1. Can you tell me how many residues in region 28-46 are touching a helix residue (DSSP H, G or I) at 6+ places or on another chain (Cβ under 6 Å) and either under 15 Å from F79 (Cα atoms) or touching a residue at least 40 places away in the same chain (Cβ under 8 Å) (or both)?
2. Please find, among R83, R75, the residue that is modelled with pLDDT under 95, basic (K, R) and touching a His at 6+ places or on another chain (Cβ under 6 Å).
3. Name the residue, out of L176, L125, that is surrounded by 15 or more Cβ atoms within 10 Å (Cβ to Cβ), within 20 Å of L53 (Cα to Cα) and free of Cβ contacts under 8 Å to residues at least 24 places away in the same chain.
4. Could you grab the pairs with beta carbons closer than 8 Å, sequence gap of 6+ or different chains, first residue in region 80-94 and under 15 Å from V25 (Cβ atoms), second one modelled with pLDDT of 95 or more and of a type in the set (D, E)?
5. Of all residues in region 164-221, which are in contact with a Gly (Cβ under 6 Å, 6 or more places away or on another chain), outside any helix (DSSP H, G or I) and farther than 23 Å from G82 by Cβ?
6. All but one of (1) part of a strand (DSSP E or B); (2) of a type in the set (D, E, K, R); (3) closer than 17 Å to L195 by Cβ hold for R131; which doesn't?
7. Exactly one of (1) charged (D, E, K, R); (2) at pLDDT 95 or above; (3) closer than 28 Å to L49 by Cβ is unmet by R134. Its number?
8. List the residue pairs whose Cβ atoms are under 9 Å apart, where the first residue sits in region 128-146 and is under 13 Å from V168 (Cβ atoms), the second is in a loop (DSSP other than H, G, I, E, B) and of a type outside the set (G, A, S), and the two are 6 or more positions apart or on different chains.
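The values are calculated or read from the model by the stated rules, or taken from the named source; none is laboratory data. If you're wondering where the values come from, they're calculated on a predicted model, not measured in any experiment. Cβ: placed from backbone, ideal geometry, glycine included. Neighbour counts: every protein chain shown.
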Amino acid sequence: MASRDKLRAMITPSLPEWRTAAGLVPYPDAMQAMEERVAAIRRGEAPELVWLLQHPPLYTAGTSADEAELLDADRFPVFRTGRGGRFTYHGPGQRIAYVMLDLRQRDIDPRRYVRGLEAWVIAALEEFGVRGERREGRVGIWVAHGGIEEKIGAIGVRIRHGVSFHGVCVNVSPDLSHFLGIVPCGIREHGVTSLAALGRDASLADLDRALARHFPAIFPEPVAETKAL
């Protein structure tokens, strides 16, 4: 019988597992689950994963966070995290997609990966008649309307030993006043918006289906390689 190590070597790449969490997932629980899954992916013991969820209201600080941009430290819990970026908000009505991919197997460098995440969200938003756009020097997804620009999607990633985690968040119908406790992503001159604020009657499930439809075109299944046992 093949040993456990040989069985691991026989795992062939496949499209990621998709998982949607019910209810609000506590941030520490999500971080622990991601850490464990990323380690298992790296060892070849688990498939890649796209995990869709919501958090209770909270702020997170990325590796470039400036404390002066935390305007109301007592409003919600604040979590320090290893993802890139600055302060952001997570809460109900916001779809978070934690994306755990083996970028080594997919031969994707970090810059291309971030661009892919942006393209993925932009393609999904198009289904709701929303034109999401990139802006040079401002990571994330932006919407120009009424003579202003506002952010509808944020991106913050970390890559460990070639495996990605953290990911993207898209504002579907969150309480936008919750963003007032921070300077979102360190950008003072532009606000935030959501599908609801733009007049789109869309649910989290609607967005989930759009994200699932467009993922394979942005991140196609890697070509399986034959590994010696």
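1. Of the residues in that region, 0 qualify.
2. Values: R75 fails: touching a His at 6+ places or on another chain (Cβ under 6 Å).
Among R83, R75, only R83 is modelled with pLDDT under 95, basic (K, R) and touching a His at 6+ places or on another chain (Cβ under 6 Å).
3. Details: L125 fails: free of Cβ contacts under 8 Å to residues at least 24 places away in the same chain.
The unique qualifying residue is L176.
4. Sorted first by the residue in region 80-94, then by its partner, the pairs are G91/D175; P92/D175; G93/D175.
5. Matches in region 164-221: V172, S173, P174.
6. Answer for R131: the failing condition is (1).
7. (2)
8. That search, which allows pairs on different chains as well, returns G140/I187.
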